[in-house]
Amino acid sequence: LPTRGIGRGEIEKALAGLLPLSGAREAWIASVAPLANPAVEAAAAASGFRTRFIDSGADRIIELDIEAPDAAGVDRLLSALAAGRRHFPAGAGPAGYAVVQCGSAATVDWVDGRGVFRGGYILPGPEMWLSGLALAARIADYSGGSPDWEAAEIGRNTRDAVRRGLAVGLPAAVAAAFFQIRRQAGAGESEAPFSLVVTGGWGRAAARLLPNPILDGELLLHGIRLFAADREGPEHG
């Protein structure tokens with residue numbers, strides 16, 4: 001569901017569609033939008049679900065070596081957990097692996113060879129990029145709708161210049177963050193490949209600029225599933 005304007009009604013409708021699937025009655029929630037939490041919790045309760053918010057501070061999702069671990073985005077940690085467990089069960093090598101999430105925000109994170117989350121980079125997603133540029137430059141807000149990631153030619157009017165700047169610039173910024181992490185991890189150009197998992201709605205646009213990416217469109221959902229299974233037993237897997 002799109003997060004903009006999401007309300008209790010939309011959530012209740014989505015939950016109702018899950019009920020025929022084995023009669024699930026427990027909702028595990030990973031939220032980085034606190035303002036939406038009351039609507040999510042109320043909708044789940046009204047639909048007969050018990051709710052369990054996953055907390056990056058109180059819950060030990062993955063080993064951390066960062067400042068202010070309580071403030072780390074729960075989505076980043078769960079995706080890092082899922083990437084390691086799903087794609088590198090035998091280990092990703094001494095340099096570890098990177099996880100790129102391409103959603104409302106773009107995150108590029110590093111898990112080292114010991115399986116420890118070391119942090120990374122956070123960039124604006126497409127909507128933030130366009131609306132923020134409009135606010136700063138006092139031009140029209142051209143956000144809304146799906147960007148044309150294939151448009152490479154220059155824009156010949158303001159709208160096209162802004163949206164094509166996004167299509168060229170945002171994937172390139174994500175790639176720059178990845179290569180910076182790769183250098184910090186000690187995985188140089190001549191060494192063994194540095195493992196990489198990409199997820200999110202516009203992940204393919206960024207993946208074109210990245211070396212040997214593994215695409216996993218449901219990485220965060222698998223992270224929630226794996227976390228629940230670890231805490232509650234295999235029936236949640």
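The values are calculated or read from the model by the stated rules, or taken from the named source; none is laboratory data. Everything numeric in this text was worked out from a predicted model, so none of it was measured. Methodologically, a virtual Cβ is constructed for each residue, glycine included, from the backbone with ideal geometry; neighbour enumeration extends over all protein chains shown. For the accessible areas, the whole protein counts, side chains as well, though only heavy atoms, and no ligand, DNA or RNA atoms are used. Shrake-Rupley method; radii C 1.70, N 1.55, O 1.52, S 1.80 Å.
Of note:
- Within this structure, R76 fails the test of being of a type in the set (D, E, K, R), in contact with a Leu (Cβ under 8 Å, 6 or more places away or on another chain) and in a helix (DSSP H, G or I).
- Inspection of segment 12-26 identifies no residue that is modelled with pLDDT of 95 or more, of a type in the set (D, E) and either open to solvent by less than 70 Å² (accessible area, probe 1.4 Å) or in a helix (DSSP H, G or I) (or both).
- Every pair of residues 6+ apart whose Cβ atoms lie under 8 Å, when the first sits in segment 112-125 and is touching a residue at least 12 places away in the same chain (Cβ under 8 Å) and over 11 Å from G84 (Cβ atoms) while the second is crowded, with 17+ Cβ neighbours inside 10 Å and polar (S, T, N, Q): G120/T107; Y121/T107; I122/T107; L123/T107; G125/S104
- Single residue of segment 167-190 satisfying the filter (open to solvent by 60 Å² or more (accessible area, probe 1.4 Å) and in a helix (DSSP H, G or I)) that is nearest to W129 (Cα to Cα): V168
- Picking from residues in segment 50-64 that are out of contact with any Gly (no Cβ under 8 Å at 6 or more places or on another chain) and of a type in the set (D, E), the one that is most open to solvent (accessible area, probe 1.4 Å) is D55.
- Search result, residues across segment 79-115 that are among the small types (G, A, S), assigned to a strand (DSSP E or B) and surrounded by 22 or more Cβ atoms within 10 Å (Cβ to Cβ): A98, A106
- Residues of segment 120-166 classified as modelled with pLDDT under 90, in a loop (DSSP other than H, G, I, E, B), surrounded by fewer than 13 Cβ atoms within 10 Å (Cβ to Cβ) and aliphatic (A, V, I, L, M), total: 2
- Residues of segment 128-151 satisfying the condition of being under 19 Å from A173 (Cα atoms), among the aliphatic types (A, V, I, L, M) and in contact with a helix residue (DSSP H, G or I) (Cβ under 7 Å, 6 or more places away or on another chain): L130, L133, A151
- Scanning segment 27-49 for residues being farther than 24 Å from L81 by Cβ, outside any helix (DSSP H, G or I) and either of a type in the set (V, I, T) or open to solvent by 30 Å² or more (accessible area, probe 1.4 Å) (or both) gives a total of 1.
- Any chance G186 is within 18 Å of V111 (Cβ to Cβ) and in contact with a Leu (Cβ under 6 Å, 6 or more places away or on another chain): no
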